[in-house]
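Where a number appears in this text, it was derived from the coordinates with a stated rule and is not lab data. As the structure is a prediction and not an experimental result, all values here were calculated from the model. With ideal geometry, Cβ positions are generated from the backbone for all residues, glycine too; neighbour counts draw on all protein chains shown.
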Amino acid sequence: MLALFDLQPDEIVAIRLSLRVASWAVLASLPFGVLTALVLARRRFWGKGLLDTLVHLPLVLPPVVTGYALLVLLGRRGVLGAFLAQTFGIVFAFRWTGAALASAVMGFPLLVRAIRLSIEAVDRRLEAAAGTLGASSLWVFLTVTLPLILPGIVAGGILAFARSLGEFGATITFVSNIPGETQTLPSAIYTLTQVPGGDAGAIRLSIISVIISVLALMTSEFIARRVGERVSTP
Amino acid sequence: MLEVDVFHRLGEFVLEARFASDGRVTALFGPSGAGKTSLVQALAGLLRPERGRIVVDEQVLFDHDAGIHVPPHRRRIGYVFQEGRLFPHLTVRQNLLYGRWFTPRAERREGLDRVVDLLGLGFLLDRRPGRLSGGEKQRVALGRALLASPRLFLMDEPLASLDAARKEEILPYIERLRDETGIPIVYVSHSVAEVARLASTMVLLAEGRVEAAGSVGAIMSRLDLIPLIGRDAAGAILEAKVVGLDRGTDLTILRTGAGDLYVPRLDLAAGTVVRVRVRARDVMIATRPQTDLSALNVLEGTVAEIAAVDGPVVEIRLDCRGESIVARLTRHSVERLGLAPGRRAYAVIKAIALDSPGLVASRSTLVPADAEESAP
C-alpha cells in the first residue's frame, strides 16, 4: 500500500511537467479564448460559420490528426514552424512548449464554448446603461462585461485545464514522448504500461491524475459559485 | 433648451417627431407603441435616427446633415431606465459612483453625500442591487444618473414597474431632483397623473408622430386631444395657491384663476403653489347658480367649446375667467340644458372629487428619508 505513494523521481518530473504544460496552455490561450468568444457571440461577419467550425474542429477530429496537423504546420520544417524559429527563435517541435500548444488547441473549443455562453447571457441593457453613464466601449467591457462573464471564464479555464491534463494523442504525435521535456502524465502512464513491471507506477500516476482532476473540478465549482453569487440578479 | 427633429424607421413603424421645449420637465406622453422609448433612445444616442437633428442646451448631439453623432458616453445624459439597470456585481455605493468616475473632475457638480442625502440612500450603500426593493432600485438609479452630473435627465417610465404605493414613494424624490438640482428632465410616461404632477411641458405622441406639444395646462384642456389622453384621466389643470385652512370646516382653500376651491384638509403652508387636476368626469354643469347642493365648489364661466362626437358622451370646455375647465357630460344633458358656445354656465365640483391622491400636487412635497421600508 505504501508503495503506491512512493513516487519515483521521473514520475514526479512527469507530474510537474503536466501541471506546467496545462497551466501554460490555459493561461496563454485565455485572452484568445475571450476574444474568439466575443467575436462569435457579438459580431456578424462573413465566414463566422467557418471560424466556429475551425474552433470546434479539435473536439471532433481524432487527436492524432490534430497533432499531425500541428507537426506539419509548426514542426521544424513546417511552414509556420520554420518562420517562427528563424524570426523569433520560437520552437515548438519536441519541446514542452509544443506540448502546451497541443493542449491549448485541444482545450480551446471547451474554453470558447463556456465563455461564449456566459457572454450571450449578459444583459446588454446593462452595457447600454454603462455607456450613458460615460463609459466608452473599452471601459464598458472592463467594468461591466468582464466581471459579469467571470464565472464563464473560470469554468472554461478549468475545463480546458482538465482537458489539457488528459491530452495524449495530439501531444505524442506533435512533440513525441521525451521524459522531462514532453512526457506528461498520460504519456508517462502509457509508457509504464508498455514495460514489464511498470504496473505499480502506472497505477500511482493514474491515481494522481484522478486526484488532480477531481480537485480541478471542485475548485471550478467553488469559484464559479462564489463569483456567480456576486454577479447574479435574483 | 431641447430641440428634437428626428425621422427613423423600425420595420413598419415610422418615428417622425419634431418638437422644442424649454420646460423644466418635458413629458413625452402617449400610449405604448407611440415611439416614446425610441425617441429617448435617440436622445441618449443609443439609437441613431436616419435623419434629423437633436440639440440639448445649444450642444448639437446629432445632426444627420452635418454628420454629427455624439456617442452615448460623451452626451452626458442621465438615463433612468424603467427597470433600473443597476450593475448586479457592484454595491449600491459603487453603482452610485460609477458615472461620477467617468465625469471629468471639473464637471463633477454632485457629491456622494449630498445625493445620498437627497434620495435617502444612506442605509443601502453596502448592499448589492439584488437585495433592494423595486422602489429602492429606482432611487439608486436616480442617484447614479445624478452623480454623473448630466446636462439632461431622461426618465423612461421610471415608475412603470412599481405598484401604486411605491410610485408614491418615488415621486417626491423625482420632484426633489426637479426642484433642487435644476437639471432639465425629459419624462416618459403614459400616466396622466404623473405628467400632471411633474411636468411643465407636454409632448403628446401617437403612432410615432407628435400630435401636440405645449404647456401641460394648454394640452390637457384641449378637447380634440382627449381621445389620445384617455377619457377617464382627461381634465383641466389649474395652478393654485394655498390660501389657508378653514378651521371651522377643516377644509383647505385653494385660490385659482377660475375661483376658489375647497378641498379636504391638506397639510400645506399658506402660499404653497400647487397644481390641481380637475378630471372632466368629476365636473357637473349647471346653468344657474346653485345653493342647495352638497357640492362646495362652483366656478362661474361661459361655454367655450363643445366637442363634436358621436355617441352618448360629450366633452365641453368652460372658460372660467380665462382658465379652462373641461367637463364630461351626456349628450342628453347638453341638449336638455341647451348648452351652446357663449352660454353662461357653472362648473360644479365636489370637494371629495379632489381628494384622491395625485390630484392636488404641491411643487415640493417631501417625505422624511427615514420613513422608508426596505426589502428583507
key: Alpha-carbon centroids, region A:155-234 and region B:48-90: separation in whole Å   = 50
request  = Relative to the compact-globule scaling 2.2 N^0.38 Å, provide the ratio for the alpha-carbon radius of gyration of the protein assembly as shown.
outcome  = 1.39
inquiry  = Over the Cα atoms of region A:20-231, each weighted equally, I'd like the Debye log10 I(q)/I(0) at q = 0.10, 0.14, 0.16 Å⁻¹, rounded to two decimals.
reply    = -0.52, -0.92, -1.10
inquiry  = Which one, B:334, A:53, B:6, projects farthest toward the positive side of the charge dipole computed for the protein assembly as shown from Cβ point charges (K/R +1, D/E -1)?
reply    = A:53
note = Rounded to the nearest Å, the spacing of the alpha-carbon centers of region A:98-125 and region B:253-321 is 68
ask   = For helix B:164-181, what angle does its Cα long axis make with the longest principal axis of chain B, in degrees from 0 to 90 and rounded to 10?
value = 70
inquiry  = How tilted is helix B:134-147 with respect to the longest principal axis of chain B? Cα atoms for both, answer in degrees (0 to 90, nearest 10).
reply    = 60
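Ranked by Cβ crowding within 10 angstrom, fewest neighbours first, how are A:223, B:285 ordered?
On the way: A:223 17, B:285 20.
The most exposed by this proxy come first: A:223, B:285.
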note = Computed over chain A: longest principal axis from alpha-carbon atoms vs helix A:199-231 long axis, angle to nearest 10 degrees, is 10
inquiry  = P(r) for region A:148-234, please, calculated from all Cα pair distances in 10 Å bins and given in %.
reply    = 16, 35, 25, 15, 7, 1
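List the relative contact order of region B:235-362 as a percent without decimals, with contacts defined as Cα pairs under 8 Å and 6+ residues apart.
Details: 305 pairs, mean separation 38.2, N = 128.
RCO, region B:235-362: 30 percent.
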task = Compute from the Cα atoms of chain B the Rg and the Dmax, the latter being the longest Cα-Cα distance, and quote both in angstrom.
result = 22.4, 69
ask   = Roughly how compact is region B:235-362, stated as its Cα Rg over 2.2 N^0.38 Å to two decimals?
value = 1.06
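Using per-residue counts of other Cβ atoms within 10 Å, averaged over each peptide, order B:226-237, B:137-148 from highest down.
Numbers: B:226-237: 19.2, B:137-148: 25.9.
Result, highest mean first: B:137-148, B:226-237.
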task = Calculate the dipole size of region B:45-97 relative to its Cα centre from +1 charges on Lys and Arg beta carbons and -1 charges on Asp and Glu beta carbons; express the result in debye to the nearest 20.
result = 240
query = If we count other beta carbons within 10 Å of each Cβ, what is the order of B:174, A:203, fewest first?
reply = A:203, B:174
query = Over chain A, what is the mean sequence separation of C-alpha contacts under 8 Å (at least six apart), divided by residue count, expressed as relative contact order in percent?
reply = 30
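Give, in whole angstrom and from largest to smallest, the semi-axes √(5λ) of the equivalent ellipsoid of region B:151-236, with λ running over the eigenvalues of the Cα gyration tensor. Display every interim value, and only then the final one.
Values: eigenvalues 98, 48, 29 Å².
Its equivalent ellipsoid spans semi-axes of 22, 15, 12 Å.
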task = Please report B:74, A:113 as a ranked list, fewest other C-beta atoms within 10 angstrom at the top and most at the bottom.
result = B:74, A:113
